[in-house]
Amino acid sequence: MARRRKGEALSGWICLDKPLDLTSTQAVGRVRRALGAQKAGHAGTLDPLATGILPIALGEATKTVPFLMDAAKTYRFTIEWGRATAGFDREGAVTATSDVRPTRAAVEAALPAFVGEIQQVPPAFSAVKVDGERAYDLAREGVEVELEPRPVTIYGVEVVGQPDADHVDLELRCGKGAYVRALVRDLAEALGACAHVSALRRTAVGSLTEARAIPLEKLEELCHSGARLEALLPVETALDDIPALALTTEDAFRLTQGRSIVLLPRQAEALKAKLTPGSRTVTAFEGERIVALCEMRAGRLNPVRVFQLT
């Protein structure tokens, strides 16, 4: 007999404002315990030294995690000039120093080279796997690893402030897999300087912004007062950019049974017009309840992920 999971079969998203000095895994654990949920996971790691948006999926929402993993992300961060560190953050061991303090104009002139689809080598202290092990685990053990460059997309990066000669504030909007610390490493090298990230905050993941975020302590207070559902966002929160189809009760039942449904010609044409290039993914709803993630092919919807929601 399979062991029954502890907790309630709660489904939805929490847009968590992660505090400083907490790993993403620790944050997920505290959210799951506060809500009394059976199952939870996150969509995109945040370093312990970073704050901001950490999307946490509960229950059936975990089936939609890849969509937020692939979503655009926005960061605000501060570069401190003068010291390079092993992890390019403020707690790493100092590896080099320099008296060079790039001006705001020099930084702005260098940034266009880092916009678009670029090749980026992840920092040694990263979650990239090397022969089945995390790069940061190997780095902490003193093992030198040579990580390969990989393509990442930078939609835009700009200077938003310069509090003093030792610091500059930037905002970055990027795609999946881009590292702020790697960008700072490469920018400093291009400017002939030494630098590290002294502050980092993620301000958006897809449609999840600071306006929708809840601090961990506030979430725990809501849970203690019996108002936990106030913070829970729908399962389909991660699917904002995917076209949706309203189903009849009969078609909804077919999809939940793993069977495909035939689309009317007008339905197929309307969905095709909304699909992004190269995508065939459609969400199917019965009323306000999401039923399935489907793939549209040859005038049919084939269920790929079925949601067990009541």
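The values are calculated or read from the model by the stated rules, or taken from the named source; none is laboratory data. Everything numeric here is computed off the predicted structure, so don't read it as measured data. Positions of Cβ are backbone-derived with ideal geometry, glycine not excepted, and every protein chain shown enters the neighbour counts.
I'm trying to understand the selection: among the residues of the stretch 261-289, which are part of a strand (DSSP E or B) and touching a strand residue (DSSP E or B) at 6+ places or on another chain (Cβ under 6 Å)?
Hits for the stretch 261-289 are 261, 262, 282, 283, 284, 285.
Suppose we filter 245, 222, 229, 172 for residues that are assigned to a strand (DSSP E or B) and either among the polar types (S, T, N, Q) or over 17 Å from the mean Cα position of the chain (by Cα) (or both); which single one remains?
It is 245.
Determine, yes or no, whether residue 143 is of a type outside the set (D, E, K, R), at pLDDT 95 or above and not assigned by TED's automatic domain parsing to the domain that holds residue 19.
no
I'm trying to understand the selection: among the residues of the stretch 100-120, which are in contact with a Phe, Trp or Tyr (Cβ under 9 Å, 6 or more places away or on another chain) and either more than 20 Å from residue 152 (Cα to Cα) or assigned by TED's automatic domain parsing to the domain that holds residue 46 (or both)?
The answer is 100, 101, 102.
What residue, of 206, 226, 258, 192, is more than 29 Å from residue 85 (Cα to Cα), touching a residue at least 12 places away in the same chain (Cβ under 8 Å) and out of contact with any strand residue (DSSP E or B) (no Cβ under 7 Å at 6 or more places or on another chain)?
The conditions single out 206.
Select from the stretch 24-55 the residues that are free of Cβ contacts under 8 Å to residues at least 60 places away in the same chain and either under 22 Å from residue 172 (Cα atoms) or not assigned by TED's automatic domain parsing to the domain that holds residue 232 (or both) and list them in ascending order.
Residues satisfying the conditions are 24, 42, 48.
Given the residues 260, 198, which is the only one that is hydroxyl-bearing (Ser, Thr, Tyr), surrounded by 14 or more Cβ atoms within 10 Å (Cβ to Cβ), outside the structural domain of residue 66 (by TED's automatic domain parsing) and more than 30 Å from residue 30 (Cβ to Cβ)?
260
Can you say whether residue 255 is in a strand (DSSP E or B), among the hydrophobic types (A, V, I, L, M, F, W, C) and more than 25 Å from the chain's Cα centre (by Cα), as far as the supplied structure shows?
Against the criterion (in a strand (DSSP E or B), among the hydrophobic types (A, V, I, L, M, F, W, C) and more than 25 Å from the chain's Cα centre (by Cα)), residue 255 does not qualify.
Residues in the stretch 230-239: is at least one without any contact (Cβ under 8 Å) to a residue 60 or more places away in the chain and of a type outside the set (D, E, K, R)?
no
Taking only pairs six or more apart or across chains, which ones have beta-carbon atoms under 9 Å, a first residue in the stretch 158-170 that is over 16 Å from residue 183 (Cβ atoms), and a second residue that is part of a loop (DSSP other than H, G, I, E, B)?
Short answer, once both residue conditions are applied: 162/103; 165/101; 165/103; 166/82; 166/101.
Among the residues in the stretch 45-59, are any touching a Pro at 6+ places or on another chain (Cβ under 8 Å) and either farther than 18 Å from residue 224 by Cα or of a type in the set (Ser, Thr, Tyr) (or both)?
Yes, the stretch 45-59 has at least one match.
Going through 11, 24 one at a time, which residue ends up being among the hydroxyl-bearing types (Ser, Thr, Tyr) and within 17 Å of residue 233 (Cβ to Cβ)?
11
For the subset of the stretch 86-107 comprising residues that are modelled with pLDDT of 95 or more and surrounded by 15 or more Cβ atoms within 10 Å (Cβ to Cβ), which member is nearest to the chain's Cα centre (by Cα)?
107
Collect the residues in the stretch 44-58 that are small (Gly, Ala, Ser) and modelled with pLDDT under 95, keeping them in residue-number order.
44
Restrict the check to the stretch 280-294 and report whether at least one residue is in contact (Cβ under 8 Å) with a residue 60 or more places away in the chain and under 27 Å from the mean Cα position of the chain (by Cα).
Looking through the stretch 280-294, at least one residue is in contact (Cβ under 8 Å) with a residue 60 or more places away in the chain and under 27 Å from the mean Cα position of the chain (by Cα).
Considering 189, 158, which residue is of a type outside the set (A, V, I, L, M) and touching a Leu at 6+ places or on another chain (Cβ under 9 Å)?
158
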